[in-house]
Amino acid sequence: MKKTTSSFYDILGISSASICLIHCLIFPILTILPLGISHNPIIDLVFASIGLFAILKITKKTNLLVSSILIVSMCLIWISILTDIFLEIHLDLIYFGGIGMITGHLINYKFHRKQKH
């Protein structure tokens, strides 16, 4: 039962990180178009909160490599978001954090699937 739960959190983390990364890559293009869309770091904060929830559930049950990747990636994301909110400076750390989150969750998902067989 725990493997299914951990697998669910990995899928949640992969999905959230992928949507966040797509949002971060495509949104700047949308702001160029005259659609009246402006950047809102609260959206980034929502994605980061979902990711943080998934990480807290996963890091208790995974190995050191995956935990390290996920924690460092989440720190990069939070630093970028908080810098954007409080200092209004956009850092590219969020892209590296998103890629790290996807990588960490994929490694953990494959690790659990390998153990299941």
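With +1 on each Lys and Arg Cβ and -1 on each Asp and Glu Cβ, how big is the dipole of the chain about its Cα centre, in debye rounded to the nearest 20? Before the final figure, lay out the partial values.
Details: 9 positive and 5 negative charges, 209 e Å.
Dipole about the Cα centre, nearest 20: 1000 debye.
Taking a quarter of the surface of the Cα convex hull of segment 43-117 gives a mean projected area of 4.8 nm².
The C-alpha atoms of the chain define a longest principal axis, and helix 93-116 lies at about 20 degrees to it.
What whole-number value in Å² describes the accessible area per residue of the chain for a 1.4 Å probe? Let's see the in-between values first.
On the way: 7230 Å² over 117 residues.
Per residue, the chain has 62 Å² of solvent-accessible surface.
All other residues whose Cβ lies under 13 angstrom from that of residue 80 are scored, Lys and Arg at +1 and Asp and Glu at -1, for a net of -4. Phi angles across segment 41-57 convert, under the Karplus curve 6.51 cos²θ - 1.76 cosθ + 1.60 with θ = phi - 60°, into 3J(HN,Hα) values of x, 5, 4, 4, 5, 5, 4, 5, 5, 4, x, 5, 4, 5, 5, 4, 6 Hz, Gly and Pro given as x. Element breakdown for the chain at a 1.4 angstrom probe: carbon and sulfur atoms account for 73% of the accessible area.
The values are calculated or read from the model by the stated rules, or taken from the named source; none is laboratory data. As the structure is a prediction and not an experimental result, all values here were calculated from the model. Please note: Cβ atoms are built from the backbone with ideal geometry, for glycine as well, and neighbour counts cover all protein chains shown. To get the accessible areas, we keep the full protein, side chains included, count just its heavy atoms, and leave off ligands, DNA and RNA. Shrake-Rupley method; radii C 1.70, N 1.55, O 1.52, S 1.80 Å.
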